[in-house]
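What follows is one structure encoded as structure tokens, with my remarks underneath.
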There are 2 protein chains.
Amino acid sequence: MKFKIKNLRFLAGKPVCMIHETTAKKLSLHIANRVSIMNKKGRKIISVVDTATGILKPDEIAISDEILEILALKNNDIVDVTIADRPDSIEFIKKKLKGETLSKQEITQIIYDIANNALTEVEVAFFISAVYVNEMNLSETKYLIEAMVNSGNHIKLKGKIVDKHCCGGIAGNRTTPIVVSICAEAGLIMPKTSSRAITSAAGTADVIETIAKVDFSIKEIKNIIKKTNACFVWGGALGLAPVDDKIIKIEKVANIDSTAQLLASILSKKISVGSKYILIDIPFGKSAKVTRIHAELLKQKFLRLGKEFNLKIAVVLTDGSEPIGNGIGPVLEIKDVIKVLKQKQGPKDLEDKSLLLAGKILELAGKSRPGEGLKLARSILYSGKAFKKFVQIIHAQKGKIKELKESDIFYNVVSEKNSRIKHLDNIFVNKLARHAGCPEDKLAGVYLHKKKNDSVKKGDVILTIYAVTKEKLEYAKKYYKENRKKMIEFY
Amino acid sequence: MKFKIKNLRFLAGKPVCMIHETTAKKLSLHIANRVSIMNKKGRKIISVVDTATGILKPDEIAISDEILEILALKNNDIVDVTIADRPDSIEFIKKKLKGETLSKQEITQIIYDIANNALTEVEVAFFISAVYVNEMNLSETKYLIEAMVNSGNHIKLKGKIVDKHCCGGIAGNRTTPIVVSICAEAGLIMPKTSSRAITSAAGTADVIETIAKVDFSIKEIKNIIKKTNACFVWGGALGLAPVDDKIIKIEKVANIDSTAQLLASILSKKISVGSKYILIDIPFGKSAKVTRIHAELLKQKFLRLGKEFNLKIAVVLTDGSEPIGNGIGPVLEIKDVIKVLKQKQGPKDLEDKSLLLAGKILELAGKSRPGEGLKLARSILYSGKAFKKFVQIIHAQKGKIKELKESDIFYNVVSEKNSRIKHLDNIFVNKLARHAGCPEDKLAGVYLHKKKNDSVKKGDVILTIYAVTKEKLEYAKKYYKENRKKMIEFY
């Protein structure tokens, strides 16, 4: 049936359309049914249906801005609407929920249907749960990666293409901008794409976005890399393995990520940009995401998948028991990064870890002999060349190095006694930053004035919570007060 | 912050509100965040946020009809909107996803949050998956039932209150209206509440709705029962264990139901209406939902939970390998039911099963001696008193017995050879009816002209598919053609 677009300009975070109740009845369409909306050029998108009577005529359809954009539609345009089939992949998801192993064809179909919006968020949640609970074997994971790569765009680059990834969970720990600057300066090609934060307070894309754009077309990225050897961009905007971003958005709801999805998320992005030399950092230990044993298992899986896909992968297991750096939250983290790059009183732990990782990549890609990467990385950072490279990349990404002010809505947590810090807990510190509004609120977060083994006197500020509204600050304070003993341990 | 209601009259199947993009930014609210909306009387409801610019002023809020109704709001009313906390129960859901056992307090909180809309559909999907995959032990199931009962309304009735439930999966099999009519005629009180279809083509509520209302207030139900001893109503409209209906709606998406959820769904409704004598029918066998062994396990769980809640429960395991009755789909089933009650060429298998179940209930509640229930049930049906009772109940539910016409959009499946039917598959026949539009489209469904062991000649109509639009008929035909060999087996 043909409908006329009524542009109400609304955003729902997913494709939604509204049609008149009477028309819905006529078409025997029910709320939350799926329809396929086709523009004049024959391009289709699947959408969930709401009904409305107050704002629409029977021949009108209101569609969310997400669809308008994809189908390039404007007011009064005509679209053709048909009932969408119930996708077969729902049965495959159910099969996985039952604990069965999926075939290549089944996994490919699920990913295809997620990519084409044929599965609703609830259905994707069932898929995520199934994979989380029943896990995927190596073959299934391989098919998942292939399907994700095939469902998206690719970037073709020349040169020695390297990449790094941290499995996350550590508060702060913003090594990527530093590592990329060092490696790019050393002549390696590093097309760094990042996703938004999953369970942490910020992802690299969230952090870079405070001073530069992270949202570019593939053509623009190629230009940035041509000029600078590297970039720090948001993968979601590029359409590289776009399904990964859809899945992550829903995973965030329950803060879960399965091993297979973790592997697929990381490797699909790397393969899509043609990376050949990849360093994986797996932090382990108290309050990290994984234990040492789990980290070892994960390492083996990375190495096996590396062989399957003909990649040179190195995996380092790092101490992830405490936060790294002082700032946690987009703006607070970029400030730490710039301090390290400028060599102006940046957090020592952040610098050390960045140098370690950069050194490993330099070795992996043959820029230095085994055992000498750290030395080379250090010389690039200390010479100021890494900072120059960073500035160059930020400029290429239409940004500039600027003095960022913290939010003036904040709360200082002060010590109630003279003591020494025994442990700052990543999980609770991250959650505190999230309660304060991270990663959506760029200025929100936590600044750690004291770290493990630091002495504190009564009245010393241990950490500061920043938020962008008083309401959110209160919410974070409440969270802090309920969890303070697990967040900060004293000797 | 205060907002003025702008009534756009839209329905989204769940509480959704829209605020202006600028206001959302000011409040630091993001798409799909949750807010709490409070009316002047202090009643609150939690809602997901979309943003709009084309239809709203910055101080206006548009809310879906679901919320308007609950909060009794109209155009230009003022509401207070605050950011809703991330519910703790998300952590409990994650715990269950990890395979841990939940405490009474944790289960109670999850159910409370579902009842109060504090959990989104995606979060409920994670809960459903967790329970589906990791199951619940007897204590957890008990807490789930208690929480469901406590979150809803109750009906207090006098007399010997009986109930029945069929665990489903069998195409057709609409015994309930017949059983209820017989038991009510025998003097038992039978406040039958049903949910909508989960995985089958129709639930009892969907079927009765073709000739009477099923949507009544508790006060009205009490009156119906006072007049007639019984009712057939939709549980969801009564607010008895309302969480169950929310869960079922999301389970339907993937056609899954866990054992714990099945037990809780059934028993919470029975406990809420004060039933003391409950007959559970578990069909087993080829193409039924469960095998004989699984049926036995389920039986034990029902009996153990019966003891926990001080109920007299009897469980019968019945042959569920073939469809029962001829019609599958709301209208097609009610026609079979009326034929049996009128004793006018109704399907024999449907009559036999209904008499068996009614007889068991008469025995369980002491209306006949053990072994003599079937005889009593038969005499009530054959005397025409059961039909009179049925008519009385339908009248009390503002309906009437009428001649219902089948849809004139249909397709006849004819035999291509002379043979004999070996098996009709419940799963594929049910799915065929669903592809045709069941249960939402009342006239849609499948009519079986032939059953197991019937001889067919080339050209004989085996079954007819009914739909309400040509599009849906084509969709069902396509499904039939792809699955015909598994749907109908010949000797």
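The values are calculated or read from the model by the stated rules, or taken from the named source; none is laboratory data. Note that the coordinates shown come from a computational prediction; the quantities given were computed from them, not determined experimentally. Glycine also receives a Cβ, built like all others from the backbone with ideal geometry; neighbour counts cover every protein chain displayed. These area figures cover heavy atoms from the full protein model, side chains too; ligands, DNA and RNA do not enter into them. Shrake-Rupley method; radii C 1.70, N 1.55, O 1.52, S 1.80 Å.
Here the protein assembly as shown is treated with +1 on each Lys and Arg Cβ and -1 on each Asp and Glu Cβ, and its dipole about the Cα centre works out to around 200 debye. Charge dipole of chain B (Cα centre as origin; +1 on each Lys and Arg Cβ, -1 on each Asp and Glu Cβ, all else neutral): 1480 debye, rounded to the nearest 20.
Calculated FRET efficiency, A:ASP80 and B:LYS452, Cβ-Cβ r, R0 41 Å, to nearest 0.05?
Details: r = 44 Å, r/R0 = 1.07.
Rounded to the nearest 0.05, the efficiency is 0.40.
Shortest first, A:LEU138 label-point distances to identical copies amount to 4.4 nm, with the label point at 7 Å from Cα along Cα→Cβ.
Which entries of A:LYS451/A:LYS477; B:LYS160/B:LYS213; B:LYS270/B:LYS398; A:LYS227/A:LYS301; A:LYS348/B:LYS26 show an alpha-carbon separation above 29 angstrom in the structure shown? Mind dumping the intermediate values first?
Details: A:LYS451/A:LYS477 20 Å; B:LYS160/B:LYS213 25 Å; B:LYS270/B:LYS398 24 Å; A:LYS227/A:LYS301 35 Å; A:LYS348/B:LYS26 37 Å.
Pairs exceeding the cut-off: A:LYS227/A:LYS301; A:LYS348/B:LYS26.
Summing Cβ point charges (Lys, Arg +1; Asp, Glu -1) relative to the Cα centre of the stretch A:1-138 gives a dipole of roughly 420 debye.
Top to bottom by accessible area (1.4 Å), largest first, where do A:ASP163, B:ASP215, A:ASP245 land? Show your work: numbers first, answer last.
Values: A:ASP163 0, B:ASP215 80, A:ASP245 30 Å².
Putting A:ASP163, B:ASP215, A:ASP245 in descending order of accessible area: B:ASP215, A:ASP245, A:ASP163.
Here the 3J(HN,Hα) profile of the stretch B:346-351, calculated from phi with Karplus coefficients 6.51, -1.76 and 1.60 at θ = phi - 60°, is x, x, 5, 5, 5, 5 Hz, Gly and Pro shown as x. Ranked from shortest, the separations from the 7 Å Cα-to-Cβ label point of A:ASP408 to its equivalents in the other copies are 7.6 nm.
When A:ASP80 is represented by a point 7 angstrom out along its Cα-to-C-beta vector, the spacings to that point in the other copies are 5.3 nm, nearest first. The angle between the Cα long axis of helix B:292-308 and the main principal axis of chain B comes to about 60°, on a 0 to 90 degree scale.
Remark on A:ILE313: its backbone amide H falls under 5 Å from those of A:ILE278, a criterion applied only to residues 5 or more positions apart or on other chains, H modelled at 1.01 Å from N. Ranked from largest to smallest solvent-accessible area, with a 1.4 Å probe on the protein heavy atoms, A:LYS213, A:LYS307 come out as A:LYS307, A:LYS213. Positive-end ranking of B:VAL162, B:ALA467, B:ILE488 along the dipole of chain B, with charges on Cβ about the Cα centre, is headed by B:VAL162. With a Förster radius of 60 Å applied to the beta-carbon distance between A:ASN137 and B:LYS385, the computed FRET efficiency rounds to 0.45.
Counting, for every residue in A:126-138, the Cβ atoms of other protein chains within 10 Å of its Cβ and taking the mean gives 4.
Here is the interface size for A with B: some 4600 Å² of accessible area buried, both sides summed, with a 1.4 Å probe. Both numbers refer to the Cα atoms of the stretch B:386-490; Rg and Dmax are 16.1, 49 Å. When the stretch A:37-110 is described by a simple charge dipole with +1 on each Lys and Arg Cβ and -1 on each Asp and Glu Cβ, the residue from A:LEU68, A:ILE45, A:GLN109 located farthest towards its positive end is A:GLN109.
Packing order of peptides B:478-485, A:464-471, highest average first: A:464-471, B:478-485 (average count of other Cβ atoms within 10 Å over each peptide's residues). Counting only other chain Cβ atoms within 10 Å of each residue's Cβ, the peptide B:50-58 averages 5. Averaged over peptide B:117-123, the number of partner chain Cβ atoms lying within 10 Å of each residue's Cβ comes to 4.
For the protein assembly as shown, what does the helix formula give at 222 nm: sum of -39500 (n - 2.57) over DSSP H segments with n ≥ 4, over the residue count, nearest 500 deg cm²/dmol? It would help to have the intermediate numbers written out before the result.
Working: 36 runs with 422 residues, N = 982.
The per-residue figure over the protein assembly as shown is -13500 deg cm²/dmol.
Heavy-atom accessible surface of chain A, averaged per residue, reaches 40 Å², computed with a 1.4 Å probe. Taken over the stretch B:51-159, the convex hull of the Cα atoms encloses 163 Å³ per residue.
For the protein assembly as shown, the carbon plus sulfur part of the accessible surface works out to 50%, probe radius 1.4 Å. Note on the protein assembly as shown: the C-alpha convex hull projects to 41.4 nm² when averaged across all orientations. Each of B:VAL331, B:PHE387, B:TYR277 was placed along the dipole of the stretch B:277-402 (beta-carbon charges, centred on the mean Cα), and the one lying farthest toward the positive end is B:PHE387.
Residue by residue, the stretch B:241-255 carries 3J(HN,Hα) couplings of 6, x, 4, 4, 5, 5, 5, 4, 4, 7, 4, 4, 4, 10, 6 Hz when phi is fed to the Karplus relation 6.51 cos²θ - 1.76 cosθ + 1.60 (θ = phi - 60°); x denotes Gly or Pro.
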